[in-house]
1. How much length is gained if the chain between VAL56 and ASP40 is pulled fully straight, taking 0.36 nm per residue apart and subtracting their Cα-Cα distance, in nm to one decimal?
2. Which far-off residues, 5 or more places away or on another chain, put their amide H under 5 Å from the one on VAL4, with H placed in the peptide plane?
3. With θ taken as phi - 60° and the coefficients 6.51, -1.76 and 1.60, list the Karplus ³J(HN,Hα) couplings across segment 4-16 in order, rounded to whole Hz; mark glycine and proline as x.
4. Sequence gap at least 6, Cα distance under 8 Å: using those rules, report the relative contact order of segment 2-68 to the nearest whole percent.
5. Can you pull the one-decimal nm distance between simple spin-label points at LEU8 and SER28, each 7 Å off the Cα toward Cβ?
6. Go through segment 41-46 residue by residue and turn each phi into a ³J(HN,Hα) via Karplus (6.51, -1.76, 1.60, θ = phi - 60°); whole Hz please, and just put x for glycine and proline.
7. Where does the charge balance sit around ILE23 when Lys and Arg score +1, Asp and Glu -1, over other residues with C-beta under 9 Å from its C-beta?
Amino acid sequence: MHPVESSLIAKAGYDAETQTLAIQLVNSSDVYNYQGVPQDIYDGFLAAESKGSYYVSTIKAKYPALKSE
């Protein structure tokens, strides 16, 4: 995972082989692993001007997540 510029998201990482997007929110040690996220959605996240807004509207609402601590 790597740091991202966002007031909501601290770090993000992506595994293309398993299509898993890992997100760590600001002020939290919890990591949310979103399953079945296509590469183009991850690319859109990286390119988004507001990564937090993109995450909420495009990823969080549409893909199942497993929380790890």
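1. Values: separation 16, 0.36 × 16 = 5.76 nm, distance 1.63 nm.
Using 0.36 nm per residue and subtracting the Cα-Cα distance, I get 4.1 nm.
2. Amide H to amide H, under 5 Å and 5 or more residues apart or across chains, VAL4 pairs with LYS11, ALA12.
3. Once rounded to whole Hz, the list reads 10, 7, 6, 7, 9, 10, 8, 9, 8, x, 9, 10, 5.
4. Details: 107 pairs, mean separation 19.6, N = 67.
29 percent.
5. Between LEU8 and SER28, the label points sit 1.1 nm apart.
6. Result, ordered by residue: 5, 4, 4, x, 4, 4 Hz.
7. Numbers: positive: LYS11, LYS60; negative: none.
That sum, taken over residues with Cβ under 9 Å, equals +2.
Only the coordinates and a few stated rules stand behind these numbers; no lab work does. The structure displayed is predicted, hence computed values, not measured ones. Virtual Cβ from ideal backbone geometry, glycine too; neighbours counted across all protein chains shown.
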